[in-house]
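Notes for the one structure printed next.
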Amino acid sequence: MSGMGDDYFSSIDQLRKIRSPLIDVRSPSEFDKGHWPGAINLPLFSDDERAAVGTSYKQDGRLKAIHLGLRITGPKMAALAEQLDQFRGADQLRLYCWRGGMRSASMAWLAQQIDLNPLLLQGGYKAYRHWAQKSFDQDWPLRIMGGRTGTGKTDLLLALQSKGVAVLDLEGLANHRGSSFGGLGLPAQPSTEHYENLLAEVLDQHQRQAAGSIWLEAESIQVGRCRIPKGLFDQMRTAPVLEIQRSLEERVEQLVGVYGQQGSEALADATNRISRRLGPQRTQQALEAIAEQDWATACRATLDYYDRCYDHELARCPDRNSIDLTGQTAAVAAETLLEAKLVQLSA
């Protein structure tokens, strides 16, 4: 493998203990689908080049594929070396490809030639994915923040996080608020694969900090297009629930603040997506209110459906407490929960 000895390979556990630049040498589309969070993409092949080498391997065999790869990468060596130069001064340089094979070893060889100190991930990104997926089967001290739509659960969790509470922000990592309206005004969602990687990293951070409890919001298994891993979701369904209650007026005000700036067309599209569940009367009421920019009436027309869904799910959670936080900002509500010892700091 390009002259790289075993001393240059490290396990995922060893590599995770090192704080140094992390380079993913896979193609851009592989990186976009999912990567080790924090990695920088420095591809050896473009997407088309990778496809050509793969086709050559299948049709002509390993040696011809290697020769094609060399013809492709040869002219790139100087430019790749210049890109690697930005990491000069780092004690080590962590590199990985798909399975810890030719691509990462080739980039490591180049790094050596310009006096950098590369370490390769044994097993490559495939080993990282195994680590991430395995983490969801561990037992986690989960605590669920529940509450009807508009009770400000996400804001409250973030306020608690700022005070030192261990939080896993399912919606923030997914770039989605979890309902038909949840993607409005937010960046594109990651793939489910990368979502899992992000979740695993946060869980690992809390584990290393010996968090006694980890708080997350009550969600269905699907957060937009991102899917919560089954092992984690199964634990969420049996975890203790703290239900946040607020007045209907306050909930409507919260929702208008979040969605009122998203525009009539986007709100109407989101409403039409759930029209079968809303029913014709509530759908028409919501759409007419949206057309008139009467955001409060539009919210009230859809809340009945979401409230019924939430109440149905809550009935399946026997281990739950409730607290009414009407009139309290997220920061004040966080203090209330801490003082009442309904939520405790991570350590």
Work out from phi, with θ = phi - 60° and the Karplus expression 6.51 cos²θ - 1.76 cosθ + 1.60, the ³J(HN,Hα) of each residue of the stretch 84-90, listed in order in whole Hz, and give x for Gly and Pro. 5, 4, 5, 9, 5, x, 6
Of the trypsin sites (Lys or Arg not before Pro) in the stretch 119-154, those whose Cβ has at most 14 other Cβ within 10 Å and which sit in DSSP loop: none
10 Å-binned pair-distance histogram of the stretch 138-339 (Cα, whole percent): 8, 34, 37, 18, 3, 0
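Which order do the peptides 189-199, 321-331 come out in when sorted by mean C-beta neighbours inside 10 angstrom, highest first?
On the way: 189-199: 20.1, 321-331: 14.4.
The packing order, highest mean first, is 189-199, 321-331.
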With θ taken as phi - 60° and the coefficients 6.51, -1.76 and 1.60, list the Karplus ³J(HN,Hα) couplings across the stretch 99-110 in order, rounded to whole Hz; mark glycine and proline as x. 10, x, x, 5, 5, 5, 5, 5, 5, 5, 4, 5
Taking θ as phi - 60°, what are the ³J(HN,Hα) couplings along the stretch 274-287 by the Karplus curve (6.51, -1.76, 1.60), each to the nearest whole Hz, with x for Gly and Pro? 10, 4, 5, 7, 6, x, x, 5, 5, 4, 4, 4, 5, 5
List the relative contact order of the chain as a percent without decimals, with contacts defined as Cα pairs under 8 Å and 6+ residues apart. 18 percent
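May I ask for the Rg/Rh ratio of the stretch 63-167, computed from Cα atoms with Rh as the Kirkwood radius, given to two decimals?
Details: Rg = 21.9 Å, Rh = 17.9 Å.
Using Cα coordinates only, the ratio equals 1.23.
Of all DSSP beta bridges in the stretch 138-339, what percent run antiparallel (nearest 5)? Can you show the working numbers first?
Details: 2 of 16 bridges.
Taking every DSSP beta bridge with both residues in the stretch 138-339, the antiparallel ones total about 10 percent.
Volume per residue, Å³, of the convex hull around the alpha-carbon atoms of the chain?
Details: hull volume 59.2 nm³, N = 347.
Dividing the Cα hull volume of the chain by its residue count gives 171 Å³.
Bear in mind these aren't lab numbers, they're just calculated from the coordinates by the rules spelled out. Everything quoted here is computed from the prediction, not taken from an experiment. Cβ atoms come from the backbone with ideal geometry, glycine included; neighbour counts cover every protein chain shown.
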